[in-house]
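Single-structure report; data block below.
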Amino acid sequence: MPECESFFDLRKMQEKDIDAVMKIDRRAGLSPWSRSSFEQELSNPIAEYFVLVKKNKNLQMEAAVGFAGQWYVAGEAQLMKIAVDPEFQGKHLGHFLLEAIIKKAQARDCASMILEVRTDNEPALNLYRNFNFQTLDVREHYYPNGADAYIMELVFPQQIGDQN
């Protein structure tokens, strides 16, 4: 029997998603957050988190396969976390997630997006560079394991009619 066709949908993260998101966070090799950290982020008025879910052709949700979250501060989006379950990596879902949250930031009139990324995380660096993020600086020993981080920024193009 052939595997059912599936597609992916992005929606706002809810408290019921935290267990699945924590699993992705751990499996993706990130510095995992605690349940209370995710709960705090979901109630943070300057934060917005999204979950990428795999659905089959009957529109039934199958599983969370990725997530992303950002803060909106002073006209800038700060990417806090983005991850795709390793089982689904290599399918351009990271690209889909990043593009979606960039659009969310632009819809909130942010002028740019900033993030930190491990200097040895080549897949993430390639993704960000494909979106034209520029490296601004290095934060030495930024991560709990002592790894360094690049600070990267993507400046959004001005919309026609902007007076800045």
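Side notes on the structure shown:
- Cross-chain or 6+ apart pairs with Cβ under 8 Å, region 139-151 first and at pLDDT below 90, then surrounded by 14 or more Cβ atoms within 10 Å (Cβ to Cβ): TYR143/ARG118; TYR143/ALA149
- Within region 10-33, residues that are free of Cβ contacts under 8 Å to residues at least 60 places away in the same chain and among the basic types (Lys, Arg) have Cβ atoms under 7 Å from residues that are open to solvent by 30 Å² or more (accessible area, probe 1.4 Å) and in a loop (DSSP other than H, G, I, E, B) in these pairs: ARG26/PRO32, counting only partners at least 6 apart in sequence or on another chain.
- Scanning region 130-141 for residues that are outside any strand (DSSP E or B) and farther than 22 Å from LEU52 by Cα yields ASN132, PHE133, GLU140, HIS141.
The values are calculated or read from the model by the stated rules, or taken from the named source; none is laboratory data. These figures come from a predicted structure and were not determined experimentally. Quick reminder, even Gly has a Cβ in these numbers, built from the backbone with ideal geometry, and neighbours come from all protein chains shown. Only protein heavy atoms, including side chains, enter the accessible area calculation; ligands, DNA and RNA are left aside. Shrake-Rupley method; radii C 1.70, N 1.55, O 1.52, S 1.80 Å.
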